[in-house]
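Below is one structure; the comments refer to it alone.
Read-outs throughout are calculated quantities, based only on the coordinates presented, and are distinct from any laboratory measurement. In this text the structure is predicted, and so the values were computed from the model without any measurement. For neighbour counting, all protein chains shown are included, and Cβ atoms are generated from backbone atoms with ideal geometry for every residue, glycine included.
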Amino acid sequence: MALIEAGLTALAETVPAELIGSALGDELAELHRLSTRLSAELSRRLAVFHIRGDAAADGMLSTQSWLTHRLRMSRAHAGQQAAVAAVLSKLPGTASAYAAGALSIAHVAVLARGAERIGIDTVAAAEPILLEAAAVLDPAGLRRVLTHLRHVVDPDGADDDAAAAYERRGLWCSPTLDGMVVLDGLLDPDTGAALMEAVNSGPPPAADDRRTPAQSRADRLGEVVRDWLAAGDATDNRGASAQVTLTADLATLRGEPGSVAAALDWIGPLDLSTARLIGCDCRVTGIVLGGDGTPLNVGWRHRTVTPAQRAALTVRDKHCQALGCDRPARWCDAHHVKPWYDGGRTDLNNLVLLCRRHHRAVHRRSWRIEPLGGGRFRFQLTTDRATADEPSRNPRAG
Ligand SMILES: [Zn+2]
Ligand SMILES: [Zn+2]
């Protein structure tokens, strides 16, 4: 121990910045191997500690609780250490690869957890093949190999595990104080794969798209969900209940001073430009106007794009009409160039297809749209303000 301590003290006195070229990366790899060897020595001693039951002598119920209390390890880390300690002596090939620094504790823990489920004898019999796999795979990859092994040797057990895991599925959506929504959930493999396919698919990003991949996935989820709601609306087989309702006064949408905020189902009060964006295309949003005696002089016929108008708009525009954007019509909103709440008509001369990203930019007034007649429009940048969901400045604009 004193020798290791002296070596570490000498190491702490070296200056990493002096290592140039690949020398620093080589040293990181070497230090990783050495720290794995140290970790293996800890596990080798912990295995004896575990088998002798020394934790009980210290007044603890298990090796894992001894590790959390005495060494202040997290429960997850202590569980990993205890699982490894319990099987190390029964997997000699694994123990020696670990001791040589060729196998990380995360890999050994995957084998240990596998042994808990499939049985130590099965894992010991397959050890040479598992070690070959461990040499080239990360811990998640090794876990998949063990899952396959489980399906081969114990299909009923694997089925039972899947059934138990399925019971843990759930989805939680909670609005935050600033009107965003936090998603948290656990999905079964089928639903999870479908969701991942849905949010990762779609046309490639436009040239002016500066969103992060996470922002793009969030937007894509919005398109998919709104498309589903719109399809329900069109075929009328999912009921009128599958519609989000925006409650707003005309005075609010017109931005008159002193008017109350518009409110969205599930979420609550909204800022003005978001309320106008949502209220613009009533394809998936129902609108309740009034509430404080405001005359309801704008009926739904005056603001809702009919299926026939939508079809004609699709034929005319084909895709989002913002410069350089080819997001297909299916994912676009029908934007009222002159807002319906200001007397704009719901007819083709006043409607233009915009993808949600560009529609939002228009309602944030980063862009102004001028009708040129005959269903053609000119886009003009009106502000220097730029965020990831707004188009970058384009010299052809205006
Ligand atoms: Zn709009
Ligand atoms: Zn667009």
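Between the helical axis of 23-52 and the longest alpha-carbon principal axis of the chain there is an angle of about 60 degrees.
For the stretch 29-157, divide the Cα radius of gyration by the Kirkwood radius and give the resulting Rg/Rh value with two decimals.
Numbers: Rg = 14.7 Å, Rh = 15.0 Å.
Answer for the stretch 29-157: 0.98.
Most exposed first by the Cβ proxy, i.e. fewest other Cβ within 10 Å, how do Ile20, Ile267 rank?
Working: Ile20 7, Ile267 15.
By the 10 Å Cβ count, ascending, the order reads Ile20, Ile267.
Here the Karplus curve 6.51 cos²θ - 1.76 cosθ + 1.60, taken at θ = phi - 60°, turns the phi angles of the stretch 265-275 into couplings of 3, 6, 9, x, x, 10, 6, 4, 5, 5, 4 Hz, with x standing for Gly and Pro. Between the helical axis of 155-166 and the dominant principal axis of the chain, each derived from Cα atoms, what acute angle in degrees is found, rounded to the nearest 10? Its long axis makes an angle of about 50 degrees. The stretch between Leu28 and Asp160 holds 43.3 nm of extra length on full extension. This uses 0.36 nm per residue minus the Cα-Cα distance. Take the Cα radius of gyration of the chain and divide it by 2.2 N^0.38 Å, N being the number of residues; the result is 1.44.
Taking other Cβ within 10 Å of each residue's Cβ, how do His69, His336 sort, fewest first?
On the way: His69 14, His336 23.
Listing His69, His336 from fewest to most nearby Cβ atoms yields His69, His336.
Indicate, rounded to the nearest 5 percent, the antiparallel portion of the DSSP beta bridges found entirely in the chain. Beta bridges within the chain, antiparallel portion: roughly 80 percent. Summary of the geometry: the stretch 52-121 and the stretch 133-188, compared by the centres of their Cα atoms, lie 22 Å apart.
Let me know the shape class of the stretch 26-96, please: from the alpha-carbon gyration tensor, a ≥ b ≥ c as square roots of the eigenvalues, rounded when a/c is under 1.5, otherwise prolate if a/b is greater than b/c, or oblate. Judged from the Cα gyration tensor, the stretch 26-96 comes out oblate (a/c at least 1.5, b/c at or above a/b). With the Cα gyration tensor of the stretch 221-381 giving a ≥ b ≥ c as the square roots of its eigenvalues, does the rule (a/c under 1.5 for rounded; else a/b larger than b/c for prolate; else oblate) give rounded, prolate or oblate? Because a/c hits 1.5 or more and a/b fails to exceed b/c, the stretch 221-381 counts as oblate.
Note on the stretch 86-205: Kirkwood radius taken over Cα pairs, Stokes-Einstein applied at 20 °C and 1.002 mPa s, translational D equal to 126 µm² s⁻¹.
Derived scalar couplings between HN and Hα for the stretch 333-350 equal 9, 8, 8, 7, 5, 9, x, 4, 6, 9, x, x, 8, 8, 9, 4, 5, 10 Hz in order, rounded to whole Hz, by the Karplus curve 6.51 cos²θ - 1.76 cosθ + 1.60 (θ = phi - 60°), x for Gly and Pro. Between Leu351 and Val337, the built amide H atoms are under 5 Å apart, and every one of these is 5 or more places off in sequence or on another chain.
A cut-off of 5 Å between modelled amide H atoms, ignoring neighbours fewer than 5 places along the same chain, links Arg368 with Gln380, Leu381, Thr382. Across the chain, C-alpha contacts under 8 Å between residues 6 or more apart give a mean separation that, scaled by the residue count, equals a relative contact order of 8 percent.
Using only DSSP helix segments of four residues or longer, with each worth -39500 (n - 2.57), what per-residue ellipticity at 222 nm results for the chain after dividing by its residue count and rounding to 500? Could the numbers behind the result be given before it?
Numbers: 17 runs with 198 residues, N = 398.
Computed mean residue ellipticity for the chain: -15500 deg cm²/dmol.
Rank these for me by crowding, Tyr98, Tyr166, going from fewest to most other beta carbons within 10 Å.
Numbers: Tyr98 26, Tyr166 13.
Least to most surrounded, the residues fall as Tyr166, Tyr98.
Think of it this way: in the chain, Cys173, Cys280, Cys282, Cys332 stand alone, with no other Cys Cβ under 4.7 Å. For the chain, the longest principal axis of the C-alpha atoms and the axis of helix 189-200 are separated by about 50°.
Between Glu41 and Ala17, what is 0.36 nm times their sequence separation minus the Cα-Cα distance? Round to one decimal in nm.
5.6 nm is the gain from fully extending Glu41 to Ala17.
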